[in-house]
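The values are calculated or read from the model by the stated rules, or taken from the named source; none is laboratory data. Predicted model, so just to flag it, every value in this text is computed and none were measured. Here the Cβ positions follow ideal geometry from the backbone for every residue, glycine too, while neighbour counts run over all protein chains shown.
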């Protein structure tokens with residue numbers, strides 16, 4: 001959304017002051033399996049959730065279609081991390097605390113290729129996203 005937290009806050013504040021909705025394109029939450037999971041959770045069919053692990057893995061050749069991603073300083077969180085974190089928020093509520101560890105594993109890309117995120121959600125769920 002923004003390269004620095006201060007800029008992101010300014011974007012949100014500017015929209016609020018001008019009564020303009022602020023959206024970040026996070027389309028994974030609208031996918032059928034995610035919507036069905038949320039429905040099952042809301043209906044109580046899964047039971048009380050206290051811990052979750054959310055991960056995304058793909059063999060999609062990302063750099064063939066979007067070679068500019070290999071030059072990003074923060075690759076994985078910028079590209080796919082926002083989608084995974086939004087799914088966590090959609091399913092379990094807003095984040096109270098967060099700890100993230102990233103590391104670079106591919107010398108062919110500038111930014112990190114792995115992110116491990118631990119969150120405590122306001123619903124009480126402990127969530128691990130990778």
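Exactly one residue among 63, 22 is free of Cβ contacts under 8 Å to residues at least 60 places away in the same chain, farther than 22 Å from residue 121 by Cβ and touching a helix residue (DSSP H, G or I) at 6+ places or on another chain (Cβ under 6 Å), and that residue is 63. Looking at the range 44-58, can you tell me whether even one residue there is farther than 23 Å from residue 100 by Cβ, outside any helix (DSSP H, G or I), at pLDDT below 90 and more than 11 Å from the chain's Cα centre (by Cα)? Checked against the condition, which is being farther than 23 Å from residue 100 by Cβ, outside any helix (DSSP H, G or I), at pLDDT below 90 and more than 11 Å from the chain's Cα centre (by Cα), the range 44-58 yields no hits at all.
Filtering the range 28-41 down to residues that are loosely packed, with under 10 Cβ neighbours inside 10 Å and closer than 21 Å to residue 121 by Cβ, which residue is modelled with the lowest pLDDT?
Within the range 28-41, the first condition is being loosely packed, with under 10 Cβ neighbours inside 10 Å, and the residues that meet it are 30, 32-33.
Still in the running and closer than 21 Å to residue 121 by Cβ: 30, 33.
Values: 30: 90, 33: 96.
Within the range 28-41, the match that is modelled with the lowest pLDDT is 30.
Pull up the range 94-112, narrow it to residues that are surrounded by fewer than 17 Cβ atoms within 10 Å (Cβ to Cβ) and outside any strand (DSSP E or B), then point me to the one that is nearest to the chain's Cα centre (by Cα). Among those that are surrounded by fewer than 17 Cβ atoms within 10 Å (Cβ to Cβ) and outside any strand (DSSP E or B), it is 94.
So which residues in the range 1-18 are assigned to a loop (DSSP other than H, G, I, E, B) and modelled with pLDDT under 95, if there are any at all?
Here is the first cut: in the range 1-18, the residues assigned to a loop (DSSP other than H, G, I, E, B) are 1-4, 18.
1, 2, 3, 4 - these are the residues of the range 1-18 that are assigned to a loop (DSSP other than H, G, I, E, B) and modelled with pLDDT under 95.
Against the test of being surrounded by 12 or more Cβ atoms within 10 Å (Cβ to Cβ), farther than 25 Å from residue 3 by Cβ and without any contact (Cβ under 8 Å) to a residue 60 or more places away in the chain, the options 91, 69 yield a single qualifying residue, 91. Go through the range 55-66 and report how many residues are exposed (fewer than 10 other Cβ atoms within 10 Å of the Cβ) and under 23 Å from residue 89 (Cβ atoms). Adding up the residues that qualify gives 3.
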